[in-house]
Amino acid sequence: QVQLVESGGGLVQTGGSLRLSCAASRSILSPDNMGWYRQAPGKQRELVSLITRSGTPTYADSVKGRFTCFRDNAQNTVYLQMDSLEPEDTAVYYCYALKYGIHYWGQGTQVTVSA
């Protein structure tokens, strides 16, 4: 059973924008925290952004001022608006949700930023 479904990855040039979306299934309705992690080739998975149920986001220093995380609780969906993309942002982006102490992960979506 797929519980987090991501969409919106792709190939973009440096300076471009992409928006990722992640819809949570009804089995994890209204998660406590939602957000995004990423993993570049040869590197560990790292936090990009988390957002609370009330809508308060936090960001990794590397994306502050460029990425915006927001959620629509009515749609049980979290978004990541990525602007001013850089080649260093190239990675597989994973949606994340936390509910009742259980961690959920999406299948990942590839984001590639060309120089």
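Structure notes:
- Peptide ranges 49-55, 38-44 listed from the most packed, as the mean C-beta count within 10 angstrom indicates: 49-55, 38-44
- Over all Cα atoms in the chain, the spread is summed up by Rg and Dmax: 13.3, 42 Å.
- Amide H contacts under 5 Å for PHE67, placed H, 5+ residues apart: ASP83
- Summed over the residues of the chain and divided among them, the accessible surface reaches 53 Å² per residue at a probe radius of 1.4 Å.
- Summing charges over neighbours of SER30, with a neighbour being any other residue whose Cβ is under 14 Å away from its Cβ, gives +2 when K and R count +1 and D and E count -1.
- A simple packing score, the average count of other Cβ atoms within 10 Å per residue, orders the peptides 61-67, 72-78 as 72-78, 61-67, with the highest score first.
- Protein accessible area in the chain, 1.4 Å probe - carbon and sulfur %: 51 percent
- 15 Å beta-carbon shell around ASN76, net charge (K/R +1, D/E -1): +1
- Take every Cα pair under 8 Å whose residues are at least 6 apart in sequence, average their separation, divide by the length of the chain, and the relative contact order is 36 percent.
- Pairwise FRET efficiency - LEU29 versus THR56, Cβ, R0 = 22 Å, nearest 0.05: 0.65
- Each residue was assigned an accessible area with a 1.4 Å probe, and for LEU11 the value is about 130 Å².
The values are calculated or read from the model by the stated rules, or taken from the named source; none is laboratory data. Everything numeric in this text was worked out from a predicted model, so none of it was measured. Backbone-built Cβ (ideal geometry, glycine too); neighbour counts: all protein chains shown. For accessibility, only protein heavy atoms count, side chains too; no ligands or nucleic acids. Shrake-Rupley method; radii C 1.70, N 1.55, O 1.52, S 1.80 Å.
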